[in-house]
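Asks: Can you keep this structure in mind? I'll have questions shortly.
The values are calculated or read from the model by the stated rules, or taken from the named source; none is laboratory data. The structure displayed is predicted, hence computed values, not measured ones. Because the Cβ atoms are built from the backbone with ideal geometry, glycine has one as well, and the counts that use them run over all protein chains shown.
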Amino acid sequence: MLQLLWFKRDLRVHDHAPLAAAAAAGRVLPVYVHEPEMLRADDHDPRHAAFVHECLHELRDALSERGVPLLELHGTLPEVFDALCEQLPVGAIYAHEECGNGISYARDRRVRAWAKGRGVALHELPGNGVVRRLASRDGWHEQWLQHVRAPRICAPPHMVGATAHELSLVPPQFVAPHADVSRVTTVPGMVNRQRGGRRNAEQLLRSFLHERGEHYRVAMSSPSHAIDACSRLSVHLTWGTLSVREAYQGARGRAAQLRDELKALGRTSHDKPPRESLTRRQQSLVSFASRLEWRDHFVQKLESEPALEYRAYASLFDNVWPLAPQAERLDAWREGRTGYPLVDACMRSVHATGWLTFRMRAMVMSFASHYLWLHWRPAGLVLARAFTDYEPGIHWTQCQMQAGVTGINTIRIYNPIKQAAEHDAAGAFVRQWVPELAALSTADLLRPWDAPPLMQQMHGVHIGRDYPSPIVPHDASYAHARDTLHALKQSAQQQGVSRRVWQQHGSRKTPLNAPTR
């Protein structure tokens, strides 16, 4: 019998529990299905498909080295699997549990029902540190640590696959044509986008652990410096060319090495510079490892409540904004012409590169929700399509958190002028992505609408013509959002809504009802 190995957002052979289980059970048939419903989804973008194609190209080679081909199919599930089972002796299906968008959630439910009805064993194994059917957040931290500290699963050096005759029986209408990777991975308008594949993931991890990570903690908020100082592994964790466990163990292991080096270095005065460097590196990697837990913490929220992709944690926030946004405001924000330089630079940058550091993601989402008063769902779709590392579990829970609609988190309204002064103090990032303002002084870059007309004339820029005036007034927009959201949060607390959200989703390392001292 054949063991169908179903790849989804786990495009690797290393530390892959379903692959190891399928190989141990018998002959393996690795399958990846290009699903039209997913490709047409409103959160999908060609940049996602391009990255996946590059990952599949390397995955195909890795499987071939182990003696089995990757079967790429195209069609709707479970119809594709049903057709395979009609022609081939499929004994079981092995896959990772996936916490994806609403489409993949419904798809997985269909596949489970089909497998049960057809009598095909479906083995879904945990992926990363997310727990399916989690009864309570109490103890989740310990479960997560147990997962990421467990030994990594070695890829089998050889597997036995389907025969040539069996592969010839695959229904041709479902076989995806082999695409020219150099063509399908070209994304118009993108520059310096991250490339897919296991080799790139491993190279990024090595360079972060040994070279780039020293200033991670202090540079992670800078839109310019974070490009190099951050790990840049988010997209590889999203599409599964690297597991969270591999990243965690790599970071903690390297941090332990650095700690030993610090102990051996001694405390003589002439050793101070290298000791400071080693300390920064060690602390940065410990911080990075902790953020991997936060990553899965947010994915767990969507796993536990899939409806969070579409509705707010706290229902009283559902009608704060009209779901149909003001098109003029949404378009101006998406295209980077709001009149607020750092916001516009970030939006132009993310469409061109597919990435922003976390603080800037929070800032542009906050600006859309609070200053432009746009519903988090349509604004979130804009960013979902822009982020190559779009991870639904993180994305939608963060969209709500930054919009201030969870009922439990602190309401943060990011002031784009203050953020620019603190994290782009010299104006380098704004000048790069908003070149029409490049000639202005650094002080005028913060509030170009206040630059005197003579100064604008001297620098060859006319605010309102060459660069837009602010689409909304700063102070009034801030005050409106602050007053409205704080009042709603207070109502949520008084009605017990916040308590219910906290019980289901709140982060805690001790049980909710544990006795206090």
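Asks: Across segment 290-314, what is the number of residues that are under 13 Å from Gln400 (Cα atoms), surrounded by 13 or more Cβ atoms within 10 Å (Cβ to Cβ) and of a type in the set (Ser, Thr, Tyr)?
Replies: Qualifying residue count, segment 290-314: 1.
Asks: Of everything in segment 473-484, what is out of contact with any helix residue (DSSP H, G or I) (no Cβ under 6 Å at 6 or more places or on another chain), surrounded by 11 or more Cβ atoms within 10 Å (Cβ to Cβ) and in a helix (DSSP H, G or I)? Give them in sequence order. Quick ask: steps written out before the conclusion?
Replies: Our first condition is that a residue be out of contact with any helix residue (DSSP H, G or I) (no Cβ under 6 Å at 6 or more places or on another chain); within segment 473-484, this holds for 473-476, 478-480, 482-484.
If we keep only those that are surrounded by 11 or more Cβ atoms within 10 Å (Cβ to Cβ) as well, we get 473-474, 478-480, 482, 484.
Selection gives His474, Tyr478, Ala479, His480, Arg482, Thr484.
Asks: Does at least one position in segment 404-414 carry a residue that is within 22 Å of the chain's Cα centre (by Cα), assigned to a helix (DSSP H, G or I), surrounded by fewer than 22 Cβ atoms within 10 Å (Cβ to Cβ) and of a type outside the set (Val, Ile, Thr)?
Replies: no
Asks: Answer with yes or no whether Arg112 is basic (Lys, Arg) and buried (at least 17 other Cβ atoms within 10 Å of the Cβ). Steps first, please.
Replies: On the way: basic (Lys, Arg): yes; buried (at least 17 other Cβ atoms within 10 Å of the Cβ): no.
Taking the combined requirement at face value, the residue does not satisfy it.
Yes/no per residue for (1) in contact with a Ser or Thr (Cβ under 9 Å, 6 or more places away or on another chain); (2) under 28 Å from Lys489 (Cα atoms); (3) of a type outside the set (S, T, N, Q):
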{"residue": "Leu342", "(1), (2), (3)": "no, no, yes"}
{"residue": "Val350", "(1), (2), (3)": "no, no, yes"}
{"residue": "Tyr371", "(1), (2), (3)": "yes, yes, yes"}
{"residue": "Trp376", "(1), (2), (3)": "yes, yes, yes"}
{"residue": "Gly393", "(1), (2), (3)": "no, yes, yes"}
{"residue": "Gln400", "(1), (2), (3)": "yes, yes, no"}
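Asks: Still on this structure, I have one more. Which numbered condition trips up Pro322, out of (1) in a loop (DSSP other than H, G, I, E, B); (2) crowded, with 22+ Cβ neighbours inside 10 Å?
Replies: It is condition (2) that Pro322 fails.
Asks: Can you name the helices (runs of 4 or more DSSP H) wholly within segment 327-385 that have at least 2 residues being farther than 26 Å from Arg232 by Cβ and either acidic (Asp, Glu) or not assigned by TED's automatic domain parsing to the domain that holds Val218 (or both)?
Replies: On the way: elements: 327-335, 341-353, 358-366.
Hits in segment 327-385: 327-335.
Asks: Also, I was wondering about something else. So for segment 268-284 (the condition being aliphatic (A, V, I, L, M), touching a residue at least 12 places away in the same chain (Cβ under 8 Å) and either surrounded by fewer than 17 Cβ atoms within 10 Å (Cβ to Cβ) or in the same structural domain as Ala106 (by TED's automatic domain parsing) (or both)), does at least one residue qualify?
Replies: no
Asks: Give the residues of segment 130-181 that are more than 26 Å from the chain's Cα centre (by Cα), in a helix (DSSP H, G or I) and either assigned by TED's automatic domain parsing to the domain that holds Arg109 or not charged (D, E, K, R) (or both), sorted by residue number.
Replies: If the condition is that a residue be more than 26 Å from the chain's Cα centre (by Cα), in a helix (DSSP H, G or I) and either assigned by TED's automatic domain parsing to the domain that holds Arg109 or not charged (D, E, K, R) (or both), then Ala164, His165, Leu167, Ser168, Pro172, Gln173, Phe174 are the ones that fit.
Asks: Then there's this: If I ask for residues that are part of a strand (DSSP E or B) and of a type outside the set (A, V, I, L, M, F, W, C), which ones from segment 75-127 would you list? Spell out the reasoning first.
Replies: Taking segment 75-127 first, the residues part of a strand (DSSP E or B) are 90-96, 121-125.
Gly91, Tyr94, His96, His123, Glu124 - these are the residues of segment 75-127 that are part of a strand (DSSP E or B) and of a type outside the set (A, V, I, L, M, F, W, C).
For every residue, the table says whether it meets (1) under 30 Å from Ala50 (Cα atoms); (2) at pLDDT below 95.
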{"residue": "Asp389", "(1), (2)": "yes, no"}
{"residue": "Gln398", "(1), (2)": "yes, no"}
{"residue": "Met401", "(1), (2)": "yes, yes"}
{"residue": "Gly404", "(1), (2)": "no, yes"}
{"residue": "Ile411", "(1), (2)": "no, yes"}
{"residue": "Val430", "(1), (2)": "yes, no"}
{"residue": "Met458", "(1), (2)": "no, yes"}
{"residue": "Val472", "(1), (2)": "no, no"}
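Asks: For Leu285, are the conditions met, namely being under 14 Å from the mean Cα position of the chain (by Cα) and closer than 30 Å to Ala62 by Cα?
Replies: Values: under 14 Å from the mean Cα position of the chain (by Cα): no; closer than 30 Å to Ala62 by Cα: yes.
Spelling it out, it is not the case that Leu285 is under 14 Å from the mean Cα position of the chain (by Cα) and closer than 30 Å to Ala62 by Cα.
Asks: Which one of these is of a type in the set (A, V, I, L, M, F, W, C), surrounded by 15 or more Cβ atoms within 10 Å (Cβ to Cβ), in a helix (DSSP H, G or I) and modelled with pLDDT under 95: Ala487, Ala420, Ala492? Lay out the reasoning, then the answer.
Replies: Values: Ala487 fails: surrounded by 15 or more Cβ atoms within 10 Å (Cβ to Cβ); Ala420 fails: modelled with pLDDT under 95.
Being of a type in the set (A, V, I, L, M, F, W, C), surrounded by 15 or more Cβ atoms within 10 Å (Cβ to Cβ), in a helix (DSSP H, G or I) and modelled with pLDDT under 95 holds for just one of Ala487, Ala420, Ala492, which is Ala492.
Each row is one residue, and each column tells you yes or no for (1) in contact with a helix residue (DSSP H, G or I) (Cβ under 7 Å, 6 or more places away or on another chain); (2) among the β-branched types (Val, Ile, Thr); (3) over 30 Å from Glu98 (Cβ atoms); (4) touching a residue at least 60 places away in the same chain (Cβ under 8 Å).
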{"site": "Ala345", "(1), (2), (3), (4)": "yes, no, yes, yes"}
{"site": "Ala368", "(1), (2), (3), (4)": "yes, no, no, no"}
{"site": "Tyr371", "(1), (2), (3), (4)": "yes, no, yes, yes"}
{"site": "Val382", "(1), (2), (3), (4)": "yes, yes, no, no"}
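Asks: Here are the criteria: (1) surrounded by fewer than 17 Cβ atoms within 10 Å (Cβ to Cβ); (2) part of a loop (DSSP other than H, G, I, E, B); (3) in contact (Cβ under 8 Å) with a residue 40 or more places away in the chain. Tell me which single one Ser287 does not satisfy.
Replies: (2)
Asks: Would you say Leu11 is more than 16 Å from Ala386 (Cα to Cα) and assigned to a strand (DSSP E or B)? Can you show your working first?
Replies: Working: more than 16 Å from Ala386 (Cα to Cα): yes; assigned to a strand (DSSP E or B): no.
In short, no.
Asks: Taking Thr388 and the conditions (1) within 20 Å of Glu303 (Cα to Cα); (2) buried (at least 22 other Cβ atoms within 10 Å of the Cβ); (3) touching a Gly at 6+ places or on another chain (Cβ under 8 Å), which numbered condition does it fall short on, given that it satisfies the others?
Replies: For Thr388, the exception is condition (1).
Asks: Would you be able to say whether some residue in segment 63-76 is out of contact with any strand residue (DSSP E or B) (no Cβ under 8 Å at 6 or more places or on another chain), of a type outside the set (S, T, N, Q) and in the same structural domain as Val28 (by TED's automatic domain parsing)? Walk me through it before giving the result.
Replies: First, the residues of segment 63-76 that are out of contact with any strand residue (DSSP E or B) (no Cβ under 8 Å at 6 or more places or on another chain): 64-66, 76.
Filter once more, so that each one left must be of a type outside the set (S, T, N, Q): 65-66.
Next, only the ones that are in the same structural domain as Val28 (by TED's automatic domain parsing) stay: 65-66.
Looking through segment 63-76, at least one residue is out of contact with any strand residue (DSSP E or B) (no Cβ under 8 Å at 6 or more places or on another chain), of a type outside the set (S, T, N, Q) and in the same structural domain as Val28 (by TED's automatic domain parsing).
Asks: Sticking with this one: Here are some conditions: (1) within 14 Å of Ala95 (Cβ to Cβ); (2) buried (at least 22 other Cβ atoms within 10 Å of the Cβ). His48 meets all but one. Which one does it not meet?
Replies: Looking at each condition in turn, His48 falls short on (1).
Asks: Another question, if that's okay. Using the structure shown, decide if Ala176 is surrounded by 11 or more Cβ atoms within 10 Å (Cβ to Cβ) and over 25 Å from Trp355 (Cβ atoms). So that I can check it myself, show each step before the final result.
Replies: On the way: surrounded by 11 or more Cβ atoms within 10 Å (Cβ to Cβ): yes; over 25 Å from Trp355 (Cβ atoms): yes.
Taking the combined requirement at face value, the residue satisfies it.
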